[in-house]
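What follows is a single structure, written as structure tokens, with notes after it.
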Amino acid sequence: MTAVSFPVSRIALERTVRLVATARLRDPVLLKLVRLQYQADLAEIEGATSGRLAAQQQGTEGLQPSELVGGLPHADFINAAFAYFRPRELNRFNGPSRGAWYAALHVETCQLEVAFHLTRELQRANDFNAVVDYAEMFASFAGEFVDLRTVNPRPDCLHPDPAMGYPAGNSLAELARNNGQNGIVYPSVRHDGGTCLVALWPATVQSVAQGGVLRATWAGTATPHWAEQA
């Protein structure tokens, strides 16, 4: 499979949405418990354990520090999307050494995509009880993207089984990066009719702003209930 096998489109999307667990948006958990004179020590501890800060200083196996962004609103959240990844598992378009910024055109698509992943983890634990708050992160995009929206039949990278779809997706993402494309726009695998986007470079993510907070509650079943938080 080569990236040129699929169409490439120049797109301009004024607003997409990504759901981020609110735990990532909080100050270090110990901050309020530490006296002012010791907060520099806390920052040093955070720096030693933060994947984002480590990536900004020395990169990862698949990410150079020079690729990360600075001086922009919510730059830390952009960098975190690329610095954090599953160390032993693939996502659809990124692997165990480099993250990506996943987003969708509508929040309903994000809800179904996010729910799929956490439900899978709850299934592994055999316990469908959890409450997670997610913040909406809006961003805009412009430039060249591999465009899978009208490819028929659906390519292997959009197979609903991660064991089949994710290796193919990582191969396509690597080819797209090598060809200088900003990312991939594709039909959602979890939301019929939804559209997703993955940005493969931190600098591609523009005009980030935080929206509302949504709570997902799993109460003994594999299907969560979603509610807006005040």
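Checking each residue in segment 173-200 for being under 20 Å from residue 13 (Cβ atoms) and hydrophobic (A, V, I, L, M, F, W, C) picks out 173, 176, 184, 185, 189, 196, 197, 198, 199, 200.
Residue count for segment 10-32 satisfying the condition of being surrounded by 15 or more Cβ atoms within 10 Å (Cβ to Cβ), modelled with pLDDT of 95 or more and either more than 15 Å from the chain's Cα centre (by Cα) or of a type in the set (Lys, Arg) (or both): 3.
Screening residue 220 against (1) out of contact with any Phe, Trp or Tyr (no Cβ under 7 Å at 6 or more places or on another chain); (2) exposed (fewer than 13 other Cβ atoms within 10 Å of the Cβ); (3) under 26 Å from residue 21 (Cα atoms) leaves a single unmet condition, (1).
When each of 52, 92 is tested for being surrounded by 16 or more Cβ atoms within 10 Å (Cβ to Cβ), among the charged types (D, E, K, R) and at pLDDT below 70, the lone residue that passes is 52. How many residues are surrounded by fewer than 21 Cβ atoms within 10 Å (Cβ to Cβ), within 14 Å of the chain's Cα centre (by Cα) and free of Cβ contacts under 8 Å to residues at least 40 places away in the same chain if we restrict to segment 98-125? Summing the residues that are surrounded by fewer than 21 Cβ atoms within 10 Å (Cβ to Cβ), within 14 Å of the chain's Cα centre (by Cα) and free of Cβ contacts under 8 Å to residues at least 40 places away in the same chain in segment 98-125 gives 1. A single member of 139, 135, 173 is touching a Lys or Arg at 6+ places or on another chain (Cβ under 9 Å), at negative phi, surrounded by 17 or more Cβ atoms within 10 Å (Cβ to Cβ) and at pLDDT below 95, and it is 135.
The values are calculated or read from the model by the stated rules, or taken from the named source; none is laboratory data. Just so you know, these numbers come straight off a predicted model, no measurement behind them. No Cβ is skipped: glycine too gets one built from the backbone with ideal geometry, and neighbour counts run over all protein chains shown.
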